[in-house]
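Okay, structure first, notes after.
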Amino acid sequence: MMKITLLAAFVLLPTSIVLASGGGGHGADVEFPHELASYEDGHLQDIGAILSHRISVEPFNVVATLIFLCAIIHTFLTSKFLEISHTWAHDHEEKVKAGLKPKGSVHIGAGIFHFLGEVEAVFGIWAIALVGAITSFHDWNTAVSYLSYKVNYTEPIFVGVIMTLAATRPILKCAELLMWKVSNLFGGMLAAWWLTILTVGPLLGSFITEPAAMTISALLLGEKFYELGPSDKFKYATLGLLFVNISVGGTMTHFAAPPVLMVAGPWEWDLMHMLINFGWKAAIGIFISNGLYFYMFRGEMEELQQKYALVRMKRELQSRYVSRKDLEDEFEALEEALDEQLGFNSSFASKCAEIKKQLYDGIMAKIDRDKVDLKLLDEAFEQRFEEIKEKSMRKTLPGLLPFKRRPPYRDPDWDQREDWVPGWMMLIHAIFMAWTVFNAHYPALFIGGFLFYLGFAQATPHFQNRLDLKPPLLVGFFLAGLVMHGGVQGWWIAPVLGSLGELPLMIGATVLTAFNDNAAITYLSTLVPGFTDELKYAVVAGAVTGGGLTVIANAPNPAGQSILKRYFAHGVSPIGLLKGALVPTVIMALCFLLLNF
């Protein structure tokens with residue numbers, strides 16, 4: 001079922017490219033959804049009266065919000081769906097082993113529940129219900145117009161592209177080199193790496209964008225920390241801390257964090273404004289949160305340090321004293337020597353000849369020799385036997401085949417090799433990333449640059465890791481579905497935001513962010529008339545503070561979830577993430593409140 005999800009992502013994202021650039025159609029002028037001013041309810045003061053009026057004008061509003069609510073509830077159930085899927089699949093495998101089910105059969109229900117348990121697929125699934133509701137309340141042309149002209153897919157596409165570039169080997173090695181220098185100032189042990197990644201990584205987001213910072217930080221945490229097998233409590237605490245830190249870490253500039261980007265233009269916020277009002281407070285909050293969690297888990301960190309020391313020594317042995325190539329050459333020579341001494345090939349050939357004779361005798365006993373061309377039969381049997389033999393050997397005994405007939409070897413540890421990446425290669429990849437970030441609002445430009453990079457990567461495979469497009473495509477699919485739903489929630493979010501005072505607004509924005517993308521929250525706040533500077537500060541501070549509470553709260557979160565979910569049994573639990581992010585969220589809120597001089 002994962003293949004179905006991936007196929008859906010492939011279908012949606014290229015389509016989105018066309019839509020984001022204003023592709024053809026005839027429904028661009030359809031008035032859907034309603035502009036907030038078109039409700040003409042400025043004379044109403046009570047929030048209940050405003051919402052009731054808007055429902056009476058457009059009954060579809062309630063249905064759209066109920067569908068969105070169902071999608072949110074679905075995200076909280078994904079880990080349960082995966083657990084059920086894994087249980088059914090395991091039970092089915094046991095029945096196959098016991099001979100109760102045919103060999104090679106699959107459990108259809110397990111596949112369906114696995115699909116429903118993929119967080120990245122949730123909003124895409126419920127987008128089907130949304131399109132159906134729009135068509136029912138209006139017509140198909142309205143649905144097409146909304147998806148084609150009213151929904152902006154630039155951010156989902158950008159996140160997919162920047163996530164792919166940030167995961168390349170040269171960029172990762174460059175970031176690792178930077179963090180290695182910082183961590184070495186504090187001893188270079190596991191604790192130093194953990195603190196460095198969770199501090200420097202998020203703050204880098206202010207310059208390379210939050211999605212790129214999330215990708216780099218998540219990949220490095222996976223390699224340095226999660227591979228060591230910490231406890232579930234420590235896993236979720238680290239994940240929650242990462243998500244919150246990334247959400248606030250991009251507030252030192254006005255172009256890196258999606259919720260800030262939405263208001264920077266309308267409210268004329270520049271680099272100095274962000275640095276003075278948000279950036280330094282976010283940095284203090286990150287330091288405090290990291291220090292508190294480090295203190296809370298210091299005992300387990302010491303236990304993991306023993307595992308890390310062993311991993312570090314193995315890498316040092318390989319990089320400094322025993323090269324991988326030397327070992328591979330020795331084992332290849334050993335393979336030839338053993339074959340000469342023990343006669344593997346001759347023994348295998350003898351056994352194959354025995355099997356071949358048994359099969360041939362069986363065939364000859366069953367056929368009518370008068371009705372069959374025996375010469376043709378012998379030739380066909382010879383070719384077919386050799387085809388099946390070679391296919392089986394390529395699968396189970398490739399080392400016994402001549403070198404030219406062996407299947408290509410796919411090294412499972414290729415991405416973990418210690419080979420050095422030259423500086424000029426890092427620089428070229430940094431230029432690709434800079435081009436993408438600089439042209440983040442122009443899909444035609446950054447997609448063109450990305451396609452150019454794909455060609456460059458094919459020409460320089462020795463310096464690259466395997467290019468895995470599945471995670472960024474699924475993350476893009478997730479975000480595309482999210483913005484489809486978010487585009488029809490303004491009818492209630494905007495008046496709720498506009499009815500709150502400074503402190504309630506900050507708290508409300510933090511809570512709402514957990515159930516909707518924080519960029520949507522800040523964008524809708526720009527549509528509320530009469531927002532004072534204090535209210536503007538409150539809504540943005542609340543939106544970035546709550547950006548780590550759930551996967552859907554901040555655009556980079558699905559990228560981190562996609563990279564790290566394999567370290568969690570049955571995927572990332574929304575409740576586990578919420579618990580892990582709660583303490584740093586409170587710390588960030590207090591920093592933005594108490595340090596607002």
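Helical runs assigned H by DSSP (4 residues or longer) give the chain a calculated mean residue ellipticity at 222 nm of -22500 deg cm²/dmol, each run adding -39500 (n - 2.57) before division by the residue total. Distance between Cα centroids, the range 215-232 to the range 529-597: provide it in whole Å. That distance is 20 Å.
Taken one residue at a time, the phi angles of the range 266-273 give Karplus couplings (6.51, -1.76, 1.60, θ = phi - 60°) of x, 9, 6, 8, 10, 4, 5, 4 Hz. Gly and Pro are set to x. Net charge dipole, the chain: roughly 1160 debye, given to the nearest 20, about the Cα centre with Cβ charges of +1 for Lys and Arg and -1 for Asp and Glu. Let me make sure I get this right: for the range 247-291, a, b and c are the square roots of the gyration tensor eigenvalues over alpha carbons, sorted descending. Under 1.5 in a/c it's rounded, otherwise prolate if a/b > b/c, else oblate. Which is it? The shape class here is prolate.
Angle check, please: helix 169-184 long axis (alpha carbons) against the longest principal axis of the chain (alpha carbons), in degrees 0 to 90, nearest 10. Relative to the chain, helix 169-184 is tipped by roughly 70 degrees. For a straight C-alpha distance cut-off of 23 angstrom, the lysines reachable from Lys181 (same-chain residues fewer than eight places away being disregarded) are Lys173, Lys224, Lys307, Lys314. If you take the charge dipole of the chain about its Cα centre, with +1 on Lys and Arg Cβ and -1 on Asp and Glu Cβ, which of Trp140, Leu36, Val96 is farthest toward its positive end? After comparing all options, I get Val96. Rounded to the nearest 10 degrees, the angle from helix 210-224 to the longest Cα principal axis of the chain is 40 degrees. The order of the peptides 420-431, 218-229, 239-250 by mean Cβ neighbours within 10 Å, most packed first, is 239-250, 218-229, 420-431. Averaging the Cα positions of each part gives two centres, and for the range 138-185 and the range 84-135 these lie 28 Å apart. Summary of packing: across the peptides 544-555, 193-204, 81-92, the per-residue average of other C-beta atoms within 10 Å ranks them, highest first, as 544-555, 193-204, 81-92. Here the Karplus curve 6.51 cos²θ - 1.76 cosθ + 1.60, taken at θ = phi - 60°, turns the phi angles of the range 553-560 into couplings of 6, 9, 3, x, 4, x, 5, x Hz, with x standing for Gly and Pro. Relative to the longest principal axis of the Cα atoms of the chain, the long axis of helix 154-166 lies at roughly 50 degrees.
Ranking His86, Ala121, Gly476 by how far each Cα lies toward the positive end of the dipole of the chain (charges on Cβ) leaves His86 at the top.
Shape class of the range 153-297 from the Cα gyration tensor (axes a ≥ b ≥ c, square roots of the eigenvalues): prolate, since a/c reaches 1.5 or more and a/b is larger than b/c. Cross-linked pairs Lys80/Lys235; Lys391/Lys565; Lys103/Lys391: Cα-Cα separations exceed 24 Å for Lys391/Lys565.
Each residue of the range 520-534 was assigned a 3J(HN,Hα) from its phi angle through the Karplus curve 6.51 cos²θ - 1.76 cosθ + 1.60 (θ = phi - 60°); the sequence is 5, 4, 5, 4, 5, 5, 6, 8, 7, x, x, 6, 7, 4, 5 Hz, with glycine and proline shown as x.
Fully extending the segment from Tyr295 to Glu35 would add 88.6 nm, taking 0.36 nm per residue of separation and subtracting the current Cα-Cα distance.
Every number in this text was worked out from the coordinates using simple rules, so none of it is lab data. Quick caveat: nothing in here was measured; it's all calculated off a predicted structure. Glycine gets a Cβ as well: all are built from the backbone with ideal geometry, and neighbour counts include every protein chain shown.
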